[in-house]
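Laboratory data are not the source of any read-out in this text; all were calculated from the coordinates shown. Keep in mind that what you see is a predicted model, and the values were worked out from it rather than measured. Don't worry about glycine lacking a Cβ; one is built from the backbone with ideal geometry, like all the others, and counts go over all protein chains shown.
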Amino acid sequence: MPLNPEDALKSRPKPAVEPPVLPPGVLPAPLERLLKKYPGLVRHPHPFAVHFPIVFFYSAALLSLAYLATGIASLDSSAFHFLGAGLLSLPLTMLSGTISRRLSYPREPDQTFHIEIFYSRLLLILSLAAFAWRWLDPRVLQDFGRGSLLYLLIILALPAIATYISYFGGLLTFPLDKEED
C-alpha cells in the first residue's frame with residue numbers, strides 16, 4: 001500500500017471510547033496484569049514517551065551545527081550523546097506507539113498509522129547508521145569533507161523526519177477539522 005499523506009488527512013480513526021477489552025493472550029500476561037491494574041497506562045505512555053526522541057534528535061542537529069560554527073569540541077561530543085539518547089529512546093517510543101495503537105484503535109490501522117510506522121522505521125535506521133558512523137569515525141565533522149556533508153545531512157534529516165511523524169500522530173489527538181457527531 002503506497003503511503004499517501006492526503007489519504008491520512010481525509011479519514012482518521014477514532015479511539016475506543018471505553019477502555020479496550022482484549023481477549024486473553026493478545027498481550028503478554030505481565031502487560032495485561034499491569035494494564036488491568038493501571039488502566040491509565042493504556043493511553044498515556046506513548047504521548048509521554050514520544051517527546052524524548054524528538055528533543056534528542058533536535059538537540060543533536062542543533063549542537064552539530066553549533067560545533068561547525070564554533071569549533072568547540074564539547075558541542076560535538078554533546079551532539080553525539082544526544083544522538084545516542086535519541087537512538088535509545090526511539091525503540092521504546094515505537095513500542096509504546098504499537099501498544100497504544102492496538103489498545104486504543106483496535107480496528108485495522110489506517111493510512112495515518114502506516115505513515116507513522118514507515119517513517120519511524122526509517123528514523124530508526126538513519127539514527128542507527130549515524131550513531132555507528134560517528135562511533136567508528138569520531139572526527140567525521142572535524143575533518144570536514146564529502147563524508148562529513150552526508151553525515152550532517154543525515155543528522156539534519158532526523159528532526160525533520162521526527163516532526164513529520166509527529167504531525168500525523170498529532171492528527172489522531174488534535175484533528176485539523178471539527179468533526180460532527
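Listed values, structure above:
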| item | result |
| --- | --- |
| ³J(HN,Hα) computed for each position of the range 84-99 - Karplus, 6.51 cos²θ - 1.76 cosθ + 1.60, integer Hz, glycine/proline x | x, 5, x, 5, 5, 7, 4, x, 5, 5, 5, 5, 5, x, 5, 5 |
| Within-14-Å neighbourhood charge of L87 [Cβ basis; K, R +1; D, E -1] | +2 |
| Theoretical FRET efficiency, 1/(1+(r/R0)^6), r = Cβ-Cβ of L128 and K37, R0 30 Å, to 0.05 | 0.30 |
| HN-Hα J in Hz across the range 75-80 - Karplus 6.51, -1.76, 1.60, θ = phi - 60°, x for Gly and Pro | 5, 5, 4, 5, 4, 5 |
| Residues H81 and D143, FRET efficiency given R0 of 30 Å [Cβ-Cβ distance, rounded to 0.05] | 0.90 |
| Pairs of alpha carbons in the range 42-173 whose separation is greater than 25 Å (percent) | 29 percent |
| Gain upon complete extension [R121, R102; 0.36 nm per residue less C-alpha separation] | 5.1 nm |
| Global geometry of the range 81-152, whether rounded, prolate or oblate, following the gyration tensor of its Cα atoms and the 1.5 cut on a/c | prolate |
| The range 42-108: trypsin sites (Lys or Arg not before Pro) in DSSP loop, at most 15 other beta carbons within 10 Å | R107 |
